[in-house]
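Peer 1: I have a structure I would like to understand better, so I am pasting it below and will then ask my questions one at a time.
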Amino acid sequence: MATIIISATSLSVLFYVQEITRNNIKNALFEEAKRQQIITTSIISGKIGSDLDSIMSRLGQLATSQNFQQGDFTSSDSNKLLAQQFKELKSHFAVDDMALFNNKGIIVNLAGNDKSALGRDASQIEHIKETIRTKAPVFSNRFLAVDNTSRIAIVYPIINKQTGQFVGVVGASALPASFFSAYGNIYDFNSAQYINVLDRKAIFVASPNPAVVGKSFYDKEVQNQFTRKDPALNTFYGKVLSGQTADALFDVGLGERLATGQPVIVNGKPVYFLTVGIPTQLIYSQIDSKLVSQNNLNNTQWILSLLAIGLVLLFLIRINHRLNVRFQIGPEILLLQTKN
């Protein structure tokens with residue numbers, strides 16, 4: 001009986017240890033998946049920031065060209081300069097509009113086919129107004145252009161290097177969906193990896209959830225219907241929007257998600273904010289496939305352990321049987337010896 005109890009206890013301990021090992025492996029694999037997603041988020045953020053910096057640099061080159069320095073925005077040479085740079089930006093960065101503004105914020109030249117905005121006053125558009133005021137490059141928040149399309153833009157001041165006179169502004173803009181879709185999935189919440197992009201006002205400029213695009217993360221409707229005021233999600237976005245790298249697990253009715261996020265930095269300043277999400281069921285399915293080999297090993301260990309214990313039990317039973325036989329025969333032999 002003691003042998004059976006010891007054997008059963010040994011099996012229980014082995015099962016317990018193997019279960020702990022399995023859970024430890026599962027947790028370690030999940031943490032590794034999270035670490036990899038944080039790295040991926042950093043890579044995507046860095047790529048967006050690098051591309052935005054490249055666009056800004058190209059606008060800076062235009063701003064320092066001789067024609068634009070002299071306020072020549074409409075001659076054939078100026079048209080060629082604008083058209084050539086527009087062609088480059090369009091092919092590399094999904095930029096679909098370029099414009100020249102005079103020092104009053106009036107649109108005086110446009111690249112592309114649509115010229116309907118020529119002559120319009122854009123001085124009250126936030127990023128144009130800020131550039132005129134600060135005489136510095138500006139990355140826009142999401143805005144409505146004069147043609148009533150939702151856009152993002154980069155604008156660069158044209159300042160005469162000799163006189164210091166503010167001459168005008170050159171800018172490039174894009175549709176957010178077209179621009180940010182080059183960096184991740186912005187259409188499917190159930191994909192292996194999707195992204196959200198917010199501007200400095202916490203407004204969604206790109207998201208797989210079209211209902212939140214154009215709205216602030218802190219908007220009452222977004223909080224009630226999208227985030228469901230989930231504390232983990234609100235803390236996560238709060239950190240990201242404050243310029244930190246963050247991660248979170250949350251479930252707002254679409255299944256549990258792992259989210260990672262960080263700001264998009266250009267020239268040391270956050271210009272947009274990126275989050276990357278993935279359904280955790282996809283992570284767990286990958287983990288389960290990795291655990292198959294571990295389970296096979298565990299099963300082999302179980303079989304070998306059971307065989308070993310069975311052999312030990314068989315050996316002990318045989319020994320016990322022999323002892324019992326000897327004990328039963330022994331007294332009879334002693335009695336015969338005494339009579340003799």
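Peer 1: Answer with yes or no whether Ile195 is modelled with pLDDT of 95 or more, part of a strand (DSSP E or B) and in contact with a Phe, Trp or Tyr (Cβ under 6 Å, 6 or more places away or on another chain).
Peer 2: No, not satisfied.
Peer 1: In this structure, does Ile203 turn out to be touching a helix residue (DSSP H, G or I) at 6+ places or on another chain (Cβ under 6 Å) and either surrounded by fewer than 19 Cβ atoms within 10 Å (Cβ to Cβ) or closer than 27 Å to Ala153 by Cα (or both)?
Peer 2: no
Peer 1: Is there a residue in the stretch 117-138 that is in contact (Cβ under 8 Å) with a residue 60 or more places away in the chain, part of a loop (DSSP other than H, G, I, E, B), in contact with a Gly (Cβ under 7 Å, 6 or more places away or on another chain) and not small (Gly, Ala, Ser)?
Peer 2: No, there is no match, as no residue in the stretch 117-138 is in contact (Cβ under 8 Å) with a residue 60 or more places away in the chain, part of a loop (DSSP other than H, G, I, E, B), in contact with a Gly (Cβ under 7 Å, 6 or more places away or on another chain) and not small (Gly, Ala, Ser).
Peer 1: Follow-up question, since we're still on this one. Condition test on Phe236, is it more than 25 Å from Gly112 (Cα to Cα), open to solvent by 10 Å² or more (accessible area, probe 1.4 Å) and in contact with a strand residue (DSSP E or B) (Cβ under 6 Å, 6 or more places away or on another chain)?
Peer 2: In short, no.
Peer 1: If we keep just the residues of the stretch 95-106 that are outside any loop (DSSP other than H, G, I, E, B) and open to solvent by 10 Å² or more (accessible area, probe 1.4 Å), which is farthest from Ser178 (Cα to Cα)?
Peer 2: So, considering only residues that are outside any loop (DSSP other than H, G, I, E, B) and open to solvent by 10 Å² or more (accessible area, probe 1.4 Å), the one farthest from Ser178 (Cα to Cα) is Asn102.
Peer 1: Being under 24 Å from Ala202 (Cβ atoms) and β-branched (Val, Ile, Thr) narrows it down to one of Thr163, Thr134, so name that one.
Peer 2: It is Thr134.
Peer 1: If I filter the stretch 107-131 down to residues being of a type in the set (Val, Ile, Thr) and open to solvent by less than 40 Å² (accessible area, probe 1.4 Å), which single residue comes out as nearest to Gln165 (Cα to Cα)?
Peer 2: My answer is Thr131.
Peer 1: Right, Val169: at pLDDT 95 or above and either surrounded by fewer than 23 Cβ atoms within 10 Å (Cβ to Cβ) or assigned to a strand (DSSP E or B) (or both) or not?
Peer 2: yes
Peer 1: I would also like to ask the following. Taking the stretch 238-266 as the search range and keeping residues that are modelled with pLDDT of 95 or more and over 16 Å from the mean Cα position of the chain (by Cα), which one is nearest to Glu32 (Cα to Cα)?
Peer 2: For the stretch 238-266, the residue satisfying everything is Ser242.
Peer 1: Going through the stretch 174-197 one residue at a time, which ones are surrounded by fewer than 22 Cβ atoms within 10 Å (Cβ to Cβ) and either of a type in the set (A, V, I, L, M) or under 19 Å from Leu89 (Cα atoms) (or both)?
Peer 2: Ala174, Leu175, Ala177, Ser178, Ser181, Ala182, Tyr183, Ala192
Peer 1: From the set of residues in the stretch 132-143 that are over 27 Å from the mean Cα position of the chain (by Cα) and of a type in the set (A, V, I, L, M), which is surrounded by the most Cβ atoms within 10 Å (Cβ to Cβ)?
Peer 2: Only one residue fits best here, namely Ile132.
Peer 1: Still on this structure, I have one more. Any residue at all in the stretch 144-156 that's modelled with pLDDT under 95, of a type outside the set (D, E, K, R) and assigned to a strand (DSSP E or B)?
Peer 2: yes
Peer 1: I'd like to verify a number: residues in the stretch 183-238 that are under 21 Å from Ile283 (Cα atoms) and of a type in the set (A, V, I, L, M), how many?
Peer 2: 5
Peer 1: Okay, moving on. In the stretch 44-61, how many are in contact (Cβ under 8 Å) with a residue 24 or more places away in the chain and either touching a helix residue (DSSP H, G or I) at 6+ places or on another chain (Cβ under 7 Å) or among the hydroxyl-bearing types (Ser, Thr, Tyr) (or both)?
Peer 2: 5
Peer 1: A further question follows. Let me confirm something: among Ser216, Ser242, which residue is closer than 13 Å to Asp199 by Cα and open to solvent by 40 Å² or more (accessible area, probe 1.4 Å)?
Peer 2: Just one listed residue meets the conditions, Ser242.
Peer 1: Still on this model: Residues of the stretch 219-229 being open to solvent by 30 Å² or more (accessible area, probe 1.4 Å) and out of contact with any helix residue (DSSP H, G or I) (no Cβ under 8 Å at 6 or more places or on another chain), which ones?
Peer 2: Asp219, Lys220, Glu221, Asn224, Gln225, Arg228
The values are calculated or read from the model by the stated rules, or taken from the named source; none is laboratory data. Predicted model only: the values in this text are computed from it and were never measured. Note that we place each Cβ from the backbone using ideal geometry, even for glycine, and neighbour counts take in every protein chain shown. Quick note on the areas: whole protein, heavy atoms, side chains included, nothing else; ligands and nucleic acids left out. Shrake-Rupley method; radii C 1.70, N 1.55, O 1.52, S 1.80 Å.
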